[in-house]
1. Tell me the Rg and the Dmax, in Å, that the Cα atoms of the chain produce.
2. Show me the GluC sites (Glu not before Pro) within region 33-107 that DSSP assigns to loop and that have at most 16 other Cβ atoms within 10 Å of their Cβ.
3. Quick check: the distance between the Cα centres of region 150-198 and region 203-219, to the nearest angstrom?
4. State the answer as a single residue: which of Phe58, Gly30, Thr106 lies farthest towards the positive end of the charge dipole of the chain, with beta carbon charges of +1 for Lys and Arg and -1 for Asp and Glu, about the Cα centre.
5. Can you compute the helix-only [θ] at 222 nm over the chain? Use -39500 (n - 2.57) per DSSP H run of at least 4 residues, normalise by all residues, nearest 500 deg cm²/dmol.
6. Ratio of Rg to Rh for region 184-233, alpha carbon only, Kirkwood?
7. Excluding the sites themselves, what is the longest stretch of the chain that contains no chymotrypsin sites (Phe, Trp or Tyr not before Pro) in a DSSP loop with at most 10 other C-beta atoms within 10 Å?
8. If you add up the charges near Phe170, with Lys and Arg at +1 and Asp and Glu at -1, over every other residue whose beta carbon is less than 13 angstrom from its beta carbon, what do you get?
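Read-outs throughout are calculated quantities, based only on the coordinates presented, and are distinct from any laboratory measurement. Here the structure is a predicted model, which means the values were calculated and not measured. Because the Cβ atoms are built from the backbone with ideal geometry, glycine has one as well, and the counts that use them run over all protein chains shown.
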Amino acid sequence: MNSQSIINEVFWLRCIACLAVTLGHSIHNGYFFYPNPTISHSGLYILQMAVLFGVPVFVFISELLLANKYTERVPNGFMKKRVKILLLPYLVMSIVYTFISIENWTLQDVLIRLVISTFLGDSAVYFILIIFQFYFLHLFLRNYLTHLPMKFVIPGAFLINFMYLAFFNFVESPNNAIGEFIWTKGYWMPFLGWIFYFVLGFYCGRNYKELLNILRKKWLLLMPLLALVFMLLMNRAFHLDYDSKRVDMLLYASSVIFFIMYIYSHIKKVPKLVMFISNYSFSIFLLNLFYFRLLRNIKPPDFLNIITYTFLVFLLTLLLCIGTAYLFNQFSFGKYIVGKIMRFKVDNTHKSEYQYTPTVKGNK
């Protein structure tokens, strides 16, 4: 990616989405040790709802970058490169998560869990399979989407996505093991559950200059708050799950995306800390639940409460994920296990609109 194709706001989106996912998991860990309701629980409940946008944002980013960078065609070796840098870490971490969650250590149970985790996406890193579906969809649909009017395609994708999620959100599952699995986790995997973010990312990437004009509308600042209130009301009315596979998440996640892009489109230089977390975001995404599950074996000291514990494990897990990624990436094989660290850097001497110079170690 050259300096002309860099989109400043993506670093902010990637960093904030990564932190949101990690914070959501840390709140979940806090509930594990502090289950009795308090006033603090109410505040964390709202915060937990507010940070559910992480996976939709990453789906959006992946297509935004593809559509913006490859305007004519995808180069040879595109899929091979992504199999190496995305699919191999997915396979490794799926195996790791299988072994740390297995209860019955029989050969049959282990093999079944490995198959379900790896091929059906019943894993903490399921989002990588979703991203791969959209890589193929981009290859097949980019020419069609380019010539179709986005004013029809985006609402159409929203409607399809809404109807798909509404079915699994509001229709009772069949009373059998297969139906329970599909309604619990299986419906996460098909691309229909995320197609709106893909289409939105495609048109935003293809029409980025027009998008910047839309981002000057200050009413965008109110949309995340209104969408969050709507989600909280939906919880009271329908008791939906606390995850990103909800019908109301379509409005909330997209409003958060535009809110972040609105705010940070006015900031031309990304702070080093934001760039640093953005560069490590893939590894943090892969590893954070691994460390959260390990930390559940350590009882917190008595002087902590749910607030202090939640933010302590949040910071500790970030450091552990970053440290692990750094150590593994010192070896040529490390990026295929815990994910590749991106090498974008802030360039204080660059005079153009973009302030970043990527430096790549090893293979592209």
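1. In order Rg, Dmax, the Cα atoms of the chain give 20.5, 63 Å.
2. Values: sites: Glu63, Glu72, Glu103; in loops: Glu72, Glu103.
The qualifying sites are Glu72, Glu103.
3. 27
4. Phe58
5. Details: 17 runs with 237 residues, N = 364.
Only helices count here, giving -21000 deg cm²/dmol.
6. Numbers: Rg = 14.8 Å, Rh = 13.4 Å.
My calculation of the ratio gives 1.10.
7. Values: sites that count: Trp105, Phe303, Phe331, Phe333.
By the stated rule (loop sites, at most 10 other Cβ atoms within 10 Å), 106-302.
8. Values: positive: Lys245, Arg246; negative: Glu172, Asp241, Asp248.
Neighbourhood net charge equals -1.
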